[in-house]
Amino acid sequence: MYSKTAFIRWFFIFASLCIISLILWNTYAFFNQLKDNERNKMKIWAFAQEELQKSLVDEASLDNTSEMVLPILQSNTTTPMILYSHKEDLYDSRNLDEQGVSEERLRAFREKMAQQFSREYQPIEIRFRDDLLQTIYYGNSPIINKLKYYPAALIVIILLFFLAIYLFYRTSKSSEQNQLWAGMAKETAHQIGTPLSSLVGWNELLKAEQVNPEYTMEIEKDIDRLQTITERFSKIGSVPTLTRRDIVAETASAYSYLKNRSSKLIEFSLKVPDHPVPVDLNQQLYAWTIENLVKNGIDAMRGKGKITIEILPKGKNVHVQISDTGKGIPRRNQKRVFKPGFTTKKRGWGLGLSLAKRIIREYHNGKIHVLKSTKGVGTTMEIILKQQANT
């Protein structure tokens, strides 16, 4: 199935490239054909102009010639041209917009246009008895000037088309990955549930056998922890229930849990307001986020340093800042750290911060970002949630 999908994808890409190449080639050929037609039209017009010049010398044939060539000369109303008469040293123009050009600058303007036209087409010379009477300089008609931008516009449209396909493919792939991770999380929660129930039963038996209460109390703590982990995993992929909670108390609870289970080489500091700050949140997922951010900070400090958690109510929002004294995050990676799979650890999965981002942004409609980071000094991560009114 996978190989068939890959074949279809590559076949579509190859077919698209072939179609694009044919369109560009045909556009180029069409454009050159228009230019050839323009050149042929100008040759006919130049021939008529030459016949007119000859008839001016031979006045006897002027009337007959005029009847034949004047319609041809008058029919060309689109091709801009400059006619230079060598004997009179005079520049004349046809089908050229000269509005706004003063009489003093008119000759210089026509000379400049003649030079420009000579770079587009080979000028046509009109001779009579080896005398050079006129030189005709001509350029592209307005329709050709418009069409010459058509290939560039076509390429831009094609690039946008491919960009749309790429974004669609990337979004669909990301959606598949999210569904996979959510399914794995729910399956993990389901698999943990069976031995967890058994542990609860065995712990009750130990109590009945009057085993040292300290042992059973520690087992209960681990059982509670496993139940919390199970509930967290079961909520991934589904919309969690948000309830009005005091973020100060919830943060302090997560802080206390982490402090008691971390190395003594880690110095913890908690700075919170002395009053409740109500926020709509999911208690377990929020605690999971705090744990992920703190553990990342501890890893960045290699197990020795200071972790500071600070809550700052600001207007309608509340800012939760988690700072460490680790090695810092390079600027180029400060946005990438939240992408699934990105990690600088040799044995990391790159899921902790991406999970924290999903919990805060998608489930709590908040923001999470790297507030500041300095190499060798540390990093401050910030969570921003909407503060609710006291009820």
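Extension gain, Glu220 to Ala153: 0.36 nm times the residue separation minus the Cα-Cα distance gives 17.2 nm.
The listed peptides 206-212, 37-43, 331-337, ordered by packing as a protection proxy, come out as 37-43, 331-337, 206-212 (highest mean of other Cβ atoms within 10 Å first).
Here is the P(r) of the stretch 242-344: all C-alpha pair distances, binned every 10 Å from 0, give 14, 43, 34, 9 in whole percents. Straight-distance candidates among the aspartates and glutamates for linking to Lys372, with alpha-carbon spacing under 17 Å and chain neighbours fewer than 8 residues away dropped: Glu310, Asp324, Glu382.
A cut-off of 5 Å between modelled amide H atoms, ignoring neighbours fewer than 5 places along the same chain, links Gln388 with Val279, Asp280. Treating each Cα of the stretch 273-318 as one equal point scatterer and applying the Debye formula with no solvent, the log10 of I(q)/I(0) at q = 0.15, 0.16, 0.28 Å⁻¹ comes out as -0.54, -0.60, -1.07.
On the basis of the beta-carbon distance and an R0 of 56 Å, Ser102 and Leu163 show a calculated FRET efficiency of 0.70.
Applying 1/(1 + (r/R0)^6) with r as the Cβ-Cβ distance of Lys207 and Ser262 and R0 = 25 angstrom yields a FRET efficiency of 0.25. With θ taken as phi - 60° and the Karplus curve 6.51 cos²θ - 1.76 cosθ + 1.60 applied, the whole-hertz 3J(HN,Hα) list for the stretch 119-129 is 7, 8, 9, 5, x, 9, 9, 10, 10, 8, 6 Hz, x standing for glycine and proline. Near Leu371, the amide H atoms lying under 5 Å from its own belong to Thr380, Met381, Glu382; only residues 5 or more places off or on other chains count, and H is placed 1.01 Å from N.
Computed from the coordinates by the stated procedures, all read-outs in this text should not be read as laboratory data. None of the values given here were measured: they were computed from a predicted structure. Note that each Cβ is placed from the backbone with ideal geometry, even for glycine, and that neighbours are counted across all protein chains shown.
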